[in-house]
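Encoded as structure tokens, the structure appears first; notes follow it.
What follows is calculated from the coordinates using simple rules that are stated; it is not laboratory data. Computed from a predicted structure; not experimentally measured. With ideal geometry, Cβ positions are generated from the backbone for all residues, glycine too; neighbour counts draw on all protein chains shown.
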Amino acid sequence: MGATVIISMREFIKRFIDQIPIGPDAVQIGVALFSNIGRLEIDLNSHGSCEEITQALGKIKAGPGKTVNIGAALDFVRTNMFRADKGSRLSQGVPQLLLLLTSKKSSDSVDQPAQALQEMGVLTLAAGSKTADVAELKRIAFAESLVFFMNDFRSIYRNPKQIISPLSTLSGILVTEEPELEITTVQTAKVVRDIVFLVDGSSYVGNHNLPFVQQFITNVVNMLDVQPDRVQFGLMQFSERPKIEFYLNSLNWVQKETEYPTGVGSDHRQSIRAVAGDTVSGLAVM
């Protein structure tokens with residue numbers, strides 16, 4: 001990315017932090033640049049206000065190198081930024097979000113680094129422009145709805161809402177704008193969700209891979225305010241026939257310190273086995 005694109009990225013981040021509560025007890029922002037290697041610019045806990053982050057953003061310059069190793073960059077962020085001593089509050093159940101911005105296809109593999117972030121519980125959004133590979137971005141992002149593509153990254157500053165809206169939603173912040181008064185109101189949202197995990201339990205996945213799925217679900221559960229009047233979870237496996245493991249309202253999810261719902265615990269987790277058979281996803285969504 002050249003200097004012009006870096007300026008657009010900087011202004012996009014400024015616009016985002018101007019709309020959300022920043023601080024050690026609110027939203028924390030970290031920034032890393034990458035080309036063939038990652039370079040830490042801002043730690044999650046190194047700047048506690050919008051003013052401090054804005055000043056730090058002003059010092060960011062485009063780095064050397066034309067090679068883009070996104071896989072190495074994802075690993076760099078996971079091992080150097082999503083850490084408790086660097087400000088990560090994953091262990092406290094705070095959502096961990098990563099926004100990738102790239103204008104090129106990666107020169108290295110992104111699959112394993114992206115999977116490692118998902119297993120850790122990080123929700124990744126991916127935005128690309130120019131020669132970025134959309135298929136690659138889809139493999140990196142937590143969901144295809146969190147993939148964004150534009151012809152020119154300068155448009156991210158002119159129209160930041162397409163990315164700011166899902167970022168705000170995932171972080172649990174509700175941003176409402178009133179253009180006629182030119183006022184932006186920020187408030188903490190009461191997040192209410194019913195979430196069903198639909199897991200491929202076929203022989204293709206097998207019991208060998210199921211623990212990775214279970215750990216991912218555990219990480220997501222521990223990141224949200226799980227209560228009967230807030231967020232509820234259900235789990236169903238599918239292969240040749242669907243199998244419901246538990247309904248949205250069948251378990252007590254209050255004690256999130258446990259790996260699985262209260263009253264279920266590790267015994268229930270160990271009782272979940274892949275149902276085997278061929279994958280027939282159509283039956284699962286009927």
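Observations
- Charge dipole (debye, nearest 20) of the range 1-106; +1 at Cβ of Lys and Arg, -1 at Cβ of Asp and Glu: 480 debye
- Debye-sum result for the range 3-188 in log10 I(q)/I(0), which assumes one identical scatterer on each alpha carbon, at q = 0.17 Å⁻¹: -1.20
- Full-extension gain in nm, Ser109 to Ser145, via 0.36 nm per residue minus C-alpha separation: 10.8 nm
- Label-to-label distance for Thr218 and Thr67 is 3.7 nm, based on points extended 7 Å past Cα in the beta-carbon direction.
- Rounded to 0.05, the FRET efficiency of the Ser91 and Asp152 pair, given R0 = 45 Å and the Cβ-Cβ distance, is 0.70.
- Subtracting the Cα-Cα distance of Ala135 and Lys161 from 0.36 nm times their residue separation leaves 7.1 nm of extension gain.
- Taking Ile163, Ile156, Ile195 and counting other C-beta atoms within 10 Å, the order from fewest to most: Ile195, Ile163, Ile156
- Protection proxy ranking, highest mean first, for peptides 45-56, 121-132: 121-132, 45-56, where packing is the per-residue count of other beta-carbon atoms within 10 Å, averaged.
- Vicinal HN-Hα couplings computed from phi for the range 100-114 (Karplus, 6.51 cos²θ - 1.76 cosθ + 1.60; Hz; Gly/Pro x): 8, 10, 8, 10, 9, 6, 6, 8, 10, 6, 9, 5, 5, x, 5
- Put simply, the amide H of Val68, placed in the peptide plane, has neighbours under 5 Å in Ser107, leaving out anything fewer than 5 places away on its chain.
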